[in-house]
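*Asks:* Got a structure for you, questions after.
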Amino acid sequence: MSAIRYAAGLLDEVRRRRPRVHCLMNGVVPKFVADGLSALGAIPSMTSSPEEVGNFVAKADSLLVNLGTLDAQRREAIGIAVNVATERGRPWALDPAHCDYSPPRAAFAQELLARGPAVLRANAAEFDLLSVPAGVVAVRTGKADCIAQNGASFSVINGHPLTALVTGTGCLSGAVIAAFLAIEADPYLAACAAMLAFGVAAEMAGKVAAGPGSFEPALLDALANLEGAHIPTFAKADHEQG
Amino acid sequence: MSAIRYAAGLLDEVRRRRPRVHCLMNGVVPKFVADGLSALGAIPSMTSSPEEVGNFVAKADSLLVNLGTLDAQRREAIGIAVNVATERGRPWALDPAHCDYSPPRAAFAQELLARGPAVLRANAAEFDLLSVPAGVVAVRTGKADCIAQNGASFSVINGHPLTALVTGTGCLSGAVIAAFLAIEADPYLAACAAMLAFGVAAEMAGKVAAGPGSFEPALLDALANLEGAHIPTFAKADHEQG
Amino acid sequence: MSAIRYAAGLLDEVRRRRPRVHCLMNGVVPKFVADGLSALGAIPSMTSSPEEVGNFVAKADSLLVNLGTLDAQRREAIGIAVNVATERGRPWALDPAHCDYSPPRAAFAQELLARGPAVLRANAAEFDLLSVPAGVVAVRTGKADCIAQNGASFSVINGHPLTALVTGTGCLSGAVIAAFLAIEADPYLAACAAMLAFGVAAEMAGKVAAGPGSFEPALLDALANLEGAHIPTFAKADHEQG
C-alpha cells in the first residue's frame, strides 16, 4: 500500500510545484493534452518546431516524446529535445503511439529507447514490437494499467471504458507520467502515482458522463478537482510485488 | 422507405465490424473527427506524414481525403493514400473543404475526382466549382443533406442549426460516410445511411445543448448512443426518387 | 461609460455583419478558436499553407497573426498574410504567444510590430520583451485586461480564473479582437468591446462550470448566447482615462 499513500503526497506536490512539462506530440490531440496537464496543476508547452524546441525544453522540468504523426521535422525536433533534456538531467517519457502501424515508427521508437527515457508508456500491441532496456520503467496501459521495473510491478484497475473512445487519453496519461517525473526522482513511484491519479479521475468522470463526448470535459474536471486524499480512498491497485 | 430501414441495419453493422477508417485532413479538427468515428463504433487513424501514410491506409478499410490546410506535403500524402486505397480496392470519400476559397485547391479536387472516389461530400458553394463524374455519389450537405447518383436522389432533413456553428461537423460527416463505405459495397446506400445516422444524432444533440459549446459533446454522445432501431423512428427523409 | 455602451452596439454589429476573420496560429488550438469565432457570430478560416493563405486573407475582413508553433513555413505564411492585409487595408491583430520562451520568436514579433498591426495582445511576460510602437493599441491580458493607446487606458475586470486553465483562451481573445476590428474603424474601441464581450462571457461560463473541462463548452455557449444588452448590465470596467 505504500505506493498508494506515497502517490497522494506526490499529487499534492504537483499542485504545489506546478512543474513545466514540454510535450512533443502529434497534431491531433495537443490541446486536450495541454488542458489535461493544466487541470492536473502542471504548466504545459507543446511546440515542435526544430528551431524553437531546444529553448522550450531548456525551460521545462520534464519532457514527453510521443511519436504520433511522425515526419522528418518531427524526428529532428525529437532529437534536439532529447539532447537538451539529457544535458540538463531532465527526465523524459516515451510514448511510441501507433508504432504497431508503421515499421519506421517502431524502429525510431527502439532507437529512442536506447537513449534512456525514464518511462516507456505503450499499449500491449506496441509493447509486443519493442525490446525494453533494463531500468526503464514500463507502463502498459489497457483495461488494467501495469507499471513494471526490474521485477517489481504494480497494477491499477481504476479507469473507465469510455476512456478508450476518446482520442488522446493514452497520450494524456503519458503527459501525466511526465508531470510526476518532474517532481519525483524515482520513476517507478512517479509512474505508479501518475496512473493512480489518472485512473481515479477517469473513474470519477465515468460516473457523470452520458457518453464519450461528455466524458472528455468530465475527465478534465475530475483531474482538476482530484485531491491527494482521494487516491487512498478510491484506488483499486492489484498485484503489487517487489 | 427501404433506404431508411436498410440504414438501420448498416449502423448496427458498423458497430459489429468496427471498420478502420484512415482520414487525411486539416490540422484544425482531427481530434473531433477521430472522436466522432470512435463514438460511431469505427477505429480512426489520422496521420498525414508521407512516409507513413501508406502503411496506415494499407491497414484501413476505407479512406477519407479532406483537402483542408493543403500544402506540398499533404498533397504528396494524399497521392500515396489514394494509390494504396486503389490498389487494394478500398473505397474512399473526397471532401474538397473550402475549395471555393482557393483556386489551387479546387483544381486539385477536380484532379482527385478523376481518380474515382466512391463519394464526394461538399457544400453548395464547393459543388458549384466542381464537375462530378458519372457514377460518383454526390452528397451535398446543408439545411437538407442530398445524396444523388445517376438520377436517383435522397434527402435527409434531420440535423440541427447548431451544427453550422461547430467547426469540423462537415468534416465529421465525411468521415461517417467513409465508415459506412467500409461495410457496404453500394456507395449510394452507404451515403444515405451515413447522413441519416449523422442527421438523427445531430437532432438528438440539439435537444440537450445550451449552445454550440455543449452541442459538440452532445453530438458525440448521441453518435455513441444511437442504435439502428432509432433511425426508422426519427428519420425525416424526403424526395426519394429512383 | 461610453466605451461600455458603445461595446453593446458593436457586439450586435458583429452578429449582424458576420465578418470573416482569418487566423494564422499554432496547431494546438485552431478548432477552439474557430468555434469561439463562430459562437460570436464571425466566420473563421484557419489555413496556414503559404500557397493558399493569400487567397484566404483576400476574402477576409480582418486577420489574426498568432506566433504559436513557429517554423519556416509559418513565417512565410505570416509574411504573405500581412502583405495581403496591408495592400487591402484590412486591420490585423498580433499575438506574440510564448515569445518569452524563445528569442527568435520575440525577434520576429518585434519585426511584425514594425509592420503596423492595429492591436498587440499579449500577457505581462510577453509585453516585457517587446517595444510597442506609438499608435498600436496594446491589450495586456491577465487578471484584469488592460487596453491602452496613446495615454488612454481601459481595464476590464470581468473574466474567471478557470480561463487560465484552458489552453487557447488567450488565443481566442486575440481572435475576438480581430472580429471587432473587422466592423469598427477605431481599434481602441474595438479592443475595449472585444475584451468586455470576452470577459463577460467568461464570467457567465464560470458560474455554470464544474472545472476547466466543462468551462470550455460553457464559454462557447456564453459567447453564442451573449447579447449586446448584457454588456452594460454585467461589465466591470475600471481606470478609464482619456
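Throughout, read-outs are computed from the coordinates displayed, never taken from laboratory work. Keep in mind the model is a prediction, meaning the values are calculated, not measured. With ideal geometry, Cβ positions are generated from the backbone for all residues, glycine too; neighbour counts draw on all protein chains shown.
*Asks:* How many residues, within segment B:33-67, are more than 13 Å from the chain's Cα centre (by Cα), closer than 25 Å to B:L219 by Cα and part of a helix (DSSP H, G or I)?
*Replies:* Total satisfying the criteria: 3.
*Asks:* Which of the numbered conditions does B:N26 fail, given that it passes all the others? Conditions: (1) farther than 30 Å from B:P103 by Cβ; (2) under 15 Å from the mean Cα position of the chain (by Cα); (3) at the interface with chain A (Cβ under 10 Å from one of its Cβ atoms); (4) not β-branched (V, I, T).
*Replies:* (1) is the only condition that B:N26 fails.
*Asks:* Another one. Can you pull out every residue in segment A:19-46 that is within 22 Å of A:I183 (Cα to Cα), crowded, with 24+ Cβ neighbours inside 10 Å and of a type in the set (V, I, T)?
*Replies:* Selection gives A:V21, A:V33.
*Asks:* Here are the criteria: (1) of a type in the set (K, R); (2) outside any strand (DSSP E or B); (3) closer than 29 Å to C:V29 by Cα. Tell me which single one B:R115 does not satisfy.
*Replies:* (3)
*Asks:* For residues that are free of Cβ contacts under 8 Å to residues at least 60 places away in the same chain and not in a helix (DSSP H, G or I), tally how many sit in segment B:183-196.
*Replies:* Matching residues across segment B:183-196 total 2.
*Asks:* (1) hydroxyl-bearing (S, T, Y); (2) farther than 20 Å from B:P117 by Cβ; (3) in contact with a Ser or Thr (Cβ under 7 Å, 6 or more places away or on another chain): which one isn't true of B:S155, the others all being true?
*Replies:* (3)
*Asks:* I'd like to check something: does segment A:77-88 contain any residue that is in contact with a strand residue (DSSP E or B) (Cβ under 9 Å, 6 or more places away or on another chain), among the polar types (S, T, N, Q) and under 28 Å from C:A107 (Cβ atoms)?
*Replies:* As a first pass, look at segment A:77-88 and keep what is in contact with a strand residue (DSSP E or B) (Cβ under 9 Å, 6 or more places away or on another chain): A:77-78, A:81-82, A:84-86.
Adding the requirement that they be among the polar types (S, T, N, Q) leaves A:86.
Then drop every residue that is not under 28 Å from C:A107 (Cβ atoms), which leaves A:86.
Looking for residues that are in contact with a strand residue (DSSP E or B) (Cβ under 9 Å, 6 or more places away or on another chain), among the polar types (S, T, N, Q) and under 28 Å from C:A107 (Cβ atoms), one finds at least one in segment A:77-88, hence yes.
*Asks:* Scanning segment A:140-162 for residues that are of a type in the set (V, I, T) and buried (at least 23 other Cβ atoms within 10 Å of the Cβ), which turns out farthest from the other protein chains (Cβ to nearest Cβ)? Write out each step before concluding.
*Replies:* Restricting attention to segment A:140-162, the residues satisfying the condition of being of a type in the set (V, I, T) are A:141, A:147, A:156-157.
Subsequent filtering for residues that are buried (at least 23 other Cβ atoms within 10 Å of the Cβ) retains A:141, A:147, A:156.
On the way: A:T141: 16, A:I147: 26, A:V156: 21 Å.
Per the criteria, the residue is A:I147.
*Asks:* Can you tell me which residue in segment C:103-121 is farthest from the chain's Cα centre (by Cα), limited to those that are farther than 14 Å from C:R75 by Cα, crowded, with 23+ Cβ neighbours inside 10 Å and not hydrophobic (A, V, I, L, M, F, W, C)?
*Replies:* Among those that are farther than 14 Å from C:R75 by Cα, crowded, with 23+ Cβ neighbours inside 10 Å and not hydrophobic (A, V, I, L, M, F, W, C), it is C:P117.
*Asks:* Restricted to segment B:69-88, and to residues that are basic (K, R) and assigned to a helix (DSSP H, G or I), which residue is nearest to the other protein chains (Cβ to nearest Cβ)?
*Replies:* The initial filter retains those residues of segment B:69-88 that are basic (K, R), namely B:74-75, B:88.
Imposing the further condition that a residue be assigned to a helix (DSSP H, G or I) reduces the set to B:74-75.
On the way: B:R74: 8, B:R75: 10 Å.
By that ranking, first place goes to B:R74.
*Asks:* Residues being away from chain A (no Cβ under 14 Å) and among the hydrophobic types (A, V, I, L, M, F, W, C): count how many of those fall in segment C:198-213. First the steps, then the outcome.
*Replies:* As a first pass, look at segment C:198-213 and keep what is away from chain A (no Cβ under 14 Å): C:198-204, C:207.
Next, from what is left, pick out any that are among the hydrophobic types (A, V, I, L, M, F, W, C): C:198, C:200-202, C:204.
The qualifying residues number 5.
*Asks:* A follow-up question, please. Restricting attention to segment A:163-197, which residues are small (G, A, S) and more than 14 Å from chain B (Cβ to nearest Cβ)? Break it down stepwise before answering.
*Replies:* Our first condition is that a residue be small (G, A, S); within segment A:163-197, this holds for A:164, A:168, A:170, A:173-175, A:178-179, A:182, A:185, A:190-191, A:193-194, A:197.
A:S173, A:G174, A:A175, A:A178, A:A179, A:A182, A:A185, A:A190, A:A191, A:A193, A:A194, A:A197, listed by residue number.
*Asks:* Looking only at segment C:197-242, count every residue that is farther than 22 Å from B:T167 by Cβ, free of Cβ contacts under 8 Å to residues at least 60 places away in the same chain and in a loop (DSSP other than H, G, I, E, B) and tell me the total.
*Replies:* Qualifying residue count, segment C:197-242: 2.
*Asks:* Restricting attention to segment C:29-61, report how many residues are within 7 Å of chain B (Cβ to nearest Cβ) and farther than 22 Å from C:G170 by Cα.
*Replies:* Residues in segment C:29-61 being within 7 Å of chain B (Cβ to nearest Cβ) and farther than 22 Å from C:G170 by Cα: 6 in total.
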